[in-house]
Amino acid sequence: MDAATGEPVLEAGGAAVFAGTGPEPLGDAFTLRAFRGLVRARRGRLKPLLLDQSFLAGVGNIYADEALWAARLHPLRSATTLRPADERHLYQEVRRILSEAIERRGSSIDDYTAPDGDGSMQEHLLVYQRAGEPCARCRRPVRRIVVGGRATHFCSWCQRLPAADRKGAAPLLRGMTPRRSQTPNRRGGRWTELDGPAALGRTAPEVDAALAREHARIRARADRTSRAAATRRAAARAAASEQTARGS
């Protein structure tokens, strides 16, 4: 929209820029009623739906996982199975998560750093990239599957999948089902694809070792982030000093 006229901004060919983009989730016009109208017109699964920019604008992979976990909704659940209370919870959590992410300057995942400073939202994520770790609500392991080429994290205990959706979701869920251990005489399953301290089938020493690796990884990431931020600050101070020297 043009800030002065309120009209859609047009490209050279006359098409409105972002004409196919869905509503802004934090806009004043995006009410619960408006959200319900959008959801009830769709039949797809919730995770791909939230990532569809023609449905909602600006909801990325990280915050889709976080909002679904907070609303206790399975990522493979169909939009048609949502009850009014589910719709309200998802609406509230999408807006809350996005608002918090803006306040915390976004998520600086792994080695990514922003020019104007790192975000801190990654320190407050409760499910994204926590596969194998205890769910923050029920302490059961967080699970990971791939949906539409995107990593998807959820708790299968807190985020129950309705019976009507289970058959269709079965092929995708096979990727996260605990596999039988290859060790002779070991009973039960093991999350062979996960390395978190809460991965199923670990012995006490394995849990301790996994915790040590996890703490080392967190410390290493924090150190990288701090060094990158310090480098940027030093560069900014040097540039400011040079500019001041040139102006004097």
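Please treat every number below as a calculation from the coordinates, not as lab data. Quick caveat: nothing in here was measured; it's all calculated off a predicted structure. Every residue, glycine among them, receives a Cβ derived from its backbone with ideal geometry; neighbour counts consider all protein chains shown.
Rounded to 0.05, the FRET efficiency of the Arg139 and Gln92 pair, given R0 = 25 Å and the Cβ-Cβ distance, is 0.55.
Taking R0 as 35 Å, what's the FRET efficiency between Lys167 and Ser54 from their Cβ-Cβ distance, rounded to 0.05? Display every interim value, and only then the final one.
Working: r = 28 Å, r/R0 = 0.79.
Once rounded, the FRET efficiency stands at 0.80.
In plain terms, the chain from Asp28 to Ala222 could stretch by 66.2 nm, reckoned as 0.36 nm per residue minus the Cα-Cα distance.
Ranked highest first by average number of other Cβ atoms within 10 Å, how do 74-81, 214-221 line up?
On the way: 74-81: 20.0, 214-221: 11.8.
Result, highest mean first: 74-81, 214-221.
The simple Förster model, with R0 at 51 Å and r as the Cβ-Cβ distance, assigns Ser241 and Arg150 a FRET efficiency of 0.70. Modelled spin-label separation between His215 and Arg42, with each label point placed 7 Å from Cα along the Cα-to-Cβ direction: 4.2 nm.
Excluding Leu51 itself, calculate the net charge of residues whose Cβ lies under 14 Å from the Cβ of Leu51, where each Lys or Arg counts +1 and each Asp or Glu counts -1.
Working: positive: Arg42, Arg45, Lys47, Arg150; negative: Asp52, Asp65, Glu66.
Around Leu51, the charge tally is +1.
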